[in-house]
Amino acid sequence: MHTNKTLIFALTFVTLLLNISGATAQNTRKLIPILFDDFSYTNQAQLKKNGWIVRTVDGWPGVPGAKWLATNVTLLKDPANPLNRILRMTSSTDGTPANTTQTQICQQRKFFEGTYAARVRFSDAPVSGPDGDQLVQSFYTISPLKAPMDLDYSELDWEYLPNGGWGIDGPTLYSTTWETFSPEPNWKKDNVFQTMNGNQGGWHTLVTQVHGGKVTYFLDGKLFVEHSGEYYPEDTMSINFNLWFIRDGMIASKEMRKYEEDIDWVYFEPGVGRTPGEIETIVADLRRQSIKFVDRVPPKVPALESPCNF
């Protein structure tokens, strides 16, 4: 009997220690300066309150004269899972600049080294109208270009071109790491990139590690490409998603067509190179706790301007 009591006490004590350890780990995670957004919004006011900018400013990239419309951003139930909510970007064109609309959302400019991740749905075809336009569906980070060939410029891209473009035919996924560029009309670029051909329509988890002098891209848990050297970013960036048409890449049709890109969630954690598996575990844990949004990434002092026009 004495032995049983001793055993019960020992097991109870071990369980208590494990619970304390787990609680401590959980509390420590809560203190990590992460950004996580589940995009569980019902209106744009909620979206903007959490630091997102919905672009309405004209300009590059895409079709000159196209409009960037806030109404192109909708917040809705996930058609594949009514318990989940997503953000949808919808861009449209009839082949003319006057009737071309493009879409972009931007988070504040306060991110640099660490791990970026997002779950997005690319589209292979328009939801209405004829197919064939060259367009870009993206998840990327970027800093302002202070001058042509600015060496402090930083940009890290995931871009899907369902109808090809930039000299490549057919559906193509790009990961591009930029040193710098000069905008049109004196176009010049200095970047490195990796491509993968084939349809990529559907949901994907995109991870970009910026850590230890290397930029490493993972597609659905698998290594896609690694870049380093002079292409490693030098400046603080914002997190962005956009959907735009490539200049001179539209088909000869006057019929209106619309394309979509959906966003399920986005995550950033500074200072570490999280693996795709770790990201999936962390996001699942946040969702189990019904945490829809958290932003503990401090702004720069003084805070940087966060233009949503690029």
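Just checking the listed ones, Ala118, Ala147, Ala80: in the Gaussian network model of the chain with Cα springs under 10 Å, the one fluctuating most is Ala80. Rg of the Cα atoms in the chain, relative to 2.2 N^0.38 Å, amounts to 1.12. Take the alpha carbon gyration tensor of the stretch 142-244, find the square roots of its eigenvalues, order them as a ≥ b ≥ c, and report rounded if a/c is under 1.5; if not, report prolate when a/b exceeds b/c, else oblate. Because a/c hits 1.5 or more and a/b fails to exceed b/c, the stretch 142-244 counts as oblate.
Relative contact order, whole percent, for the chain stands at 28, derived from Cα pairs under 8 Å and 6 or more residues apart. For Asn84 and Ile32, the FRET efficiency from 1/(1 + (r/R0)^6), where r spans their Cβ atoms and R0 equals 25 Å, is about 0.55.
Of all the options Thr56, Thr177, Thr90, the one that moves most in a Gaussian network model of the chain with Cα springs shorter than 10 angstrom is Thr56. Taking the Cα centre of the stretch 103-208 as origin and assigning +1 to Lys and Arg Cβ atoms and -1 to Asp and Glu Cβ atoms, the resulting dipole is close to 320 debye.
For the chain, the residue among Val207, Gly229, Phe245 whose Cα projects farthest onto the positive side of the dipole built from Cβ charges is Val207. Considering only Asn84, Ala70, Trp166, and ranking their Cα positions along the charge dipole of the stretch 43-180 that arises from unit charges at the beta-carbon of Lys, Arg, Asp and Glu, the one farthest toward the positive end is Asn84.
Rounded to the nearest 0.05, what FRET efficiency do Lys254 and Leu223 have when you use their Cβ-Cβ distance and R0 = 30 Å? Walk me through the numbers before you get to the answer.
Values: r = 44 Å, r/R0 = 1.46.
Once the sixth-power term is evaluated, E becomes 0.10.
The Asn199 and Trp60 beta-carbon pair, evaluated with R₀ = 41 Å, returns a calculated FRET efficiency of approximately 0.90.
For the chain, the solvent-accessible area of protein heavy atoms averages 47 Å² per residue (probe radius 1.4 Å; ligands and nucleic acids excluded). The convex hull built on the alpha-carbon positions of the stretch 27-126 has an orientation-averaged projected area of 8.7 nm².
Taken along the Cα-to-beta-carbon direction at a fixed 7 Å, the label points for Thr275 and Thr71 span 4.8 nm. If only the Cβ of Lys and Arg carry +1 and only the Cβ of Asp and Glu carry -1, the dipole of the stretch 243-310 around its Cα centre is close to 140 debye.
With a ≥ b ≥ c the root eigenvalues of the C-alpha gyration tensor of the stretch 92-181, is it rounded (a/c under 1.5), prolate (a/b larger than b/c) or oblate?
Working: a/c = 1.85, a/b = 1.69, b/c = 1.09.
Here the stretch 92-181 falls in the prolate category.
A simple charge model with +1 on the Cβ of Lys and Arg, -1 on the Cβ of Asp and Glu and nothing else charged puts the dipole of the chain at about 1320 debye relative to its Cα centre. If the elastic network links every pair of Cα atoms under 10 Å, which of Ile263, Ile251, Ile86 fluctuates the most in the Gaussian network model of the chain? Greatest mean-square fluctuation among the candidates belongs to Ile251. Secondary-structure-derived ellipticity at 222 nm for the chain, considering helices only, amounts to -5500 deg cm²/dmol, per-run term -39500 (n - 2.57) for DSSP H runs with n ≥ 4. Net charge of the neighbourhood of Glu261, taken over other residues with C-beta under 13 Å away and scored Lys/Arg +1, Asp/Glu -1, is -1.
The values are calculated or read from the model by the stated rules, or taken from the named source; none is laboratory data. Computed from a predicted model, the values in this text were never measured in an experiment. All Cβ positions, glycine included, derive from the backbone under ideal geometry; neighbour counts span all protein chains shown. Please note that ligands, DNA and RNA were not included when accessible areas were found on the heavy atoms of the full protein model with its side chains. Shrake-Rupley method; radii C 1.70, N 1.55, O 1.52, S 1.80 Å.
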